[in-house]
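Undergrad: Quick one: the structure is below, and I'll ask about it shortly.
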Amino acid sequence: MNVKTKDMSILYVEDDDAIREYMSGYLNNRFERVLVAENGAAGFDTYRKNTPDIVMTDIRMPVMDGLEMIRAIIKENDKAAVIITSAYDEARYLLGAIELGVSHYLLKPFDNNKVDASLQHCIETVRKAQSVRERENYIAAAYQTIDSLIDYGEESLNGSIHLTAETMGRQLDQMVEKFFDGSLGLSSHSPASLIMTLTHGLAGQPEWLRYDMGNGKSLQKECYPDHPPLDLGAPVGNHVLYYVNEDETLPDDPLLRSFVGHFGRNGEKPRNLIWYHNGSRIICAINYPAPVTGYDAVVVKNLAVQTRYMDTISAQCHQTEEAFFYTITSLARAAEANDEDTGNHIQRVGKYCAAICRRIGYSDEMAEIIALQSQLHDVGKIHIPPETLKKPGKLTKAEMDLMREHTVFGAKIIGNHPRLEIARTIAQYHHERWDGSGYPFGLCGTAIPMDARIVTIADTYDALRNKRSYKPPFDHDTVCRIIVEGDGRTEPAHFDPDLLQTFKDINKEFDEIYERFATVE
């Protein structure tokens with residue numbers, strides 16, 4: 001340790017004045033901040049006030065010994081990096097240190113090389129813990145973003161329905177029907193036709209729609225391709241509202257004149273019309289059976305305001321859903337940044353899940369929800385050190401135990417928001433096995449949630465297709481054989497039998513998905 005460690009502090013506790021003075025100077029050459037104390041009580045007080053990164057302490061001291069102080073510190077912070085020093089190598093001291101989880105025990109007089117080695121190991125441990133905390137903070141911030149987006153969408157839709165393009169279309173049709181039958185106002189008559197534009201809150205050209213009331217009093221709706229070629233690029237501002245009766249002169253409005261002229265060229269002569277224009281939004285009600293009044297114009301304006309409200313809410317829903325999708329995908333990719341699974345793994349798993357869902361009768365909407373939220377199945381790996389995730393050899397028992405905790409970590413990261421209930425279920429249970437041999441709880445059969453059972457097959461297939469530290473990549477036929485027949489590591493008993501049959505039925509679709517979304521090297 002020839003270079004001073006930056007942004008790192010150490011507490012040194014020693015009752016011998018000479019040793020304390022010497023080691024204080026020694027440590028000051030290695031750390032930016034060195035705290036000292038003469039006994040365990042003073043050391044613990046200093047620790048609580050300053051929370052140093054590393055603690056180095058003697059054992060036999062007055063007032064409070066080192067082991068008692070370490071025991072108190074560990075109650076405050078069970079991840080504390082500790083080095084114990086002593087002039088004695090009695091078994092009871094060694095055992096006391098081991099029981100407290102202390103892995104560094106240095107005998108006096110000090111060997112500087114051993115001291116430096118212990119300090120370096122503690123520094124690396126602290127750095128790793130800091131890195132994990134930073135990743136945890138990133139995940140917490142990202143998840144808070146997801147929560148805020150969801151809450152914003154819910155507040156925007158308070159008292160309304162969730163307006164997708166499809167549901168907005170239905171709501172618009174119902175509103176126009178009310179307009180034609182007079183439900184939006186007390187007008188005693190309604191037009192023969194209504195032509196309007198919708199922006200759906202998105203960039204680009206607006207959509208033109210035309211509604212006509214047929215002779216049988218049935219409302220006919222069509223997209224209106226033969227609309228007037230009007231320039232609707234003006235920004236939203238003060239609206240324009242006119243009502244013009246038959247034989248009256250049209251206002252000097254270029255858009256309105258172009259609109260009426262378009263009908264004339266097609267052999268139609270609009271009469272008794274109401275015109276509303278604001279930005280790219282146009283509503284024109286034409287061919288009322290009797291002259292229109294200012295009150296009829298207000299009814300059309302009321303329709304315009306309500307459709308604009310629906311359009312705005314629809315846009316907010318669309319933007320919120322896009323942000324929700326983007327944030328989940330980003331969160332999933334952040335979690336796999338240090339994993340062996342790179343490239344399009346999470347995207348492929350989602351596509352496999354959607355294929356299974358559609359095959360077993362799920363709606364397209366639910367299949368897409370599971371496809372999206374399945375991408376968070378391994379988000380808990382953010383808690384696993386990168387060197388464990390990328391370790392080329394066999395994991396130790398302790399490393400494997402920690403690795404298996406990623407399912408529980410994932411559920412905690414995702415939390416309990418209703419919009420992410422499926423993601424939480426998948427993250428927590430996707431390593432359970434039908435025969436009870438999985439983790440973290442050893443559930444079996446239908447005790448495992450269906451969404452997690454679906455992801456189990458999808459994740460297993462993609463893992464077998466890809467290279468891992470312990471295996472080469474397998475081709476599609478080999479993977480199918482392993483899943484269906486077993487290879488000692490993966491067994492058919494691990495999977496829901498019905499879903500396994502579904503996989504057999506659509507396995508070629510899995511291969512197509514893999515090839516279509518294969519990682520580009």
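The values are calculated or read from the model by the stated rules, or taken from the named source; none is laboratory data. Computed from a predicted structure; not experimentally measured. For neighbour counting, all protein chains shown are included, and Cβ atoms are generated from backbone atoms with ideal geometry for every residue, glycine included.
Undergrad: Can you go through 315, 323, 334 and tell me which one is assigned to a helix (DSSP H, G or I), hydrophobic (A, V, I, L, M, F, W, C) and in contact with a Phe, Trp or Tyr (Cβ under 7 Å, 6 or more places away or on another chain)?
TA: Values: 315 fails: in contact with a Phe, Trp or Tyr (Cβ under 7 Å, 6 or more places away or on another chain); 323 fails: in contact with a Phe, Trp or Tyr (Cβ under 7 Å, 6 or more places away or on another chain).
Every option except 334 fails the conditions.
Undergrad: Of the residues 433, 465, only one is touching a residue at least 60 places away in the same chain (Cβ under 8 Å), farther than 20 Å from residue 367 by Cα and under 29 Å from the mean Cα position of the chain (by Cα); which?
TA: Matching residue, one of 433, 465: 433.
Undergrad: Looking at (1) touching a Gly at 6+ places or on another chain (Cβ under 6 Å); (2) at pLDDT 90 or above, which is the only condition residue 12 fails?
TA: Failing condition for residue 12: (1).
Undergrad: For the stretch 40-56, enumerate the residues that are among the acidic types (Asp, Glu) and either in contact with a Gly (Cβ under 6 Å, 6 or more places away or on another chain) or over 20 Å from residue 119 (Cα atoms) (or both). Explain how you work it out, then say what you get.
TA: The first filter runs over the stretch 40-56 and keeps only residues among the acidic types (Asp, Glu), leaving 45, 53.
Of everything in the stretch 40-56, just one residue is among the acidic types (Asp, Glu) and either in contact with a Gly (Cβ under 6 Å, 6 or more places away or on another chain) or over 20 Å from residue 119 (Cα atoms) (or both), namely 45.
Undergrad: Go through the stretch 222-249 and count every residue that is modelled with pLDDT of 85 or more and surrounded by fewer than 15 Cβ atoms within 10 Å (Cβ to Cβ).
TA: Our first condition is that a residue be modelled with pLDDT of 85 or more; within the stretch 222-249, this holds for 222-223, 240-249.
Among the residues that remain, those that are also surrounded by fewer than 15 Cβ atoms within 10 Å (Cβ to Cβ) are: 222-223, 240, 245-249.
So the count comes out to 8.
Undergrad: Anything in the stretch 79-91 that is outside any helix (DSSP H, G or I) and free of Cβ contacts under 8 Å to residues at least 12 places away in the same chain? List them, or say none.
TA: Kept after step one, since they are outside any helix (DSSP H, G or I), are these residues of the stretch 79-91: 79-90.
The answer is 90, and nothing else.
Undergrad: So, one more: Have a look at 372, 389, 376 and point out the one that is out of contact with any Cys (no Cβ under 7 Å at 6 or more places or on another chain), more than 30 Å from residue 502 (Cβ to Cβ) and buried (at least 16 other Cβ atoms within 10 Å of the Cβ). Full working, then the answer.
TA: On the way: 372 fails: more than 30 Å from residue 502 (Cβ to Cβ); 376 fails: more than 30 Å from residue 502 (Cβ to Cβ).
One residue alone meets the criteria, 389.
Undergrad: Does residue 198 satisfy the criteria of being crowded, with 18+ Cβ neighbours inside 10 Å, closer than 20 Å to residue 308 by Cβ and either modelled with pLDDT of 90 or more or not small (Gly, Ala, Ser) (or both)? Talk me through it step by step, then tell me what you get.
TA: On the way: crowded, with 18+ Cβ neighbours inside 10 Å: yes; closer than 20 Å to residue 308 by Cβ: yes; either modelled with pLDDT of 90 or more or not small (Gly, Ala, Ser) (or both): yes.
Yes: the conditions hold for residue 198.
Undergrad: Can you find, within the stretch 264-287, the residue that is nearest to the chain's Cα centre (by Cα) among those that are farther than 19 Å from residue 304 by Cβ and touching a residue at least 12 places away in the same chain (Cβ under 8 Å)?
TA: We begin by selecting, within the stretch 264-287, every residue farther than 19 Å from residue 304 by Cβ; these are 264-269, 271.
This time we only want the ones that are touching a residue at least 12 places away in the same chain (Cβ under 8 Å), so: 266, 271.
On the way: 266: 53, 271: 54 Å.
Per the stated criteria, the residue is 266.
Undergrad: Considering only residues that are more than 22 Å from residue 488 (Cβ to Cβ) and either under 23 Å from the mean Cα position of the chain (by Cα) or not in a helix (DSSP H, G or I) (or both), which ones fall in the stretch 436-447?
TA: Within the stretch 436-447, 440, 441, 443 meet the criteria.
Undergrad: Still on this model: Can you pull out every residue in the stretch 48-74 that is part of a helix (DSSP H, G or I) and either surrounded by 11 or more Cβ atoms within 10 Å (Cβ to Cβ) or at pLDDT below 90 (or both)? Outline the logic, then answer.
TA: First pass over the stretch 48-74, keeping only residues part of a helix (DSSP H, G or I): 48-50, 66-74.
Result: 48, 50, 66, 67, 68, 69, 70, 71, 72, 73, 74.
Undergrad: While we're looking at this one, here's another question. Filter the stretch 4-47 down to residues that are in a strand (DSSP E or B) and among the aromatic types (Phe, Trp, Tyr) and give me whichever is surrounded by the most Cβ atoms within 10 Å (Cβ to Cβ).
TA: Taking the stretch 4-47 and keeping what is in a strand (DSSP E or B), we get 5-13, 31-37.
Then drop every residue that is not among the aromatic types (Phe, Trp, Tyr), which leaves 12, 31.
On the way: 12: 26, 31: 23.
Here the residue is 12.
Undergrad: Within the stretch 321-345, take every residue that is touching a Leu at 6+ places or on another chain (Cβ under 8 Å) and surrounded by 20 or more Cβ atoms within 10 Å (Cβ to Cβ) and give me the one that is modelled with the lowest pLDDT.
TA: Here the answer is 335.
Undergrad: Confirm whether residue 508 is under 23 Å from residue 401 (Cα atoms) and assigned by TED's automatic domain parsing to the domain that holds residue 388. Steps first, answer last, please.
TA: Details: under 23 Å from residue 401 (Cα atoms): no; assigned by TED's automatic domain parsing to the domain that holds residue 388: yes.
No, not satisfied.
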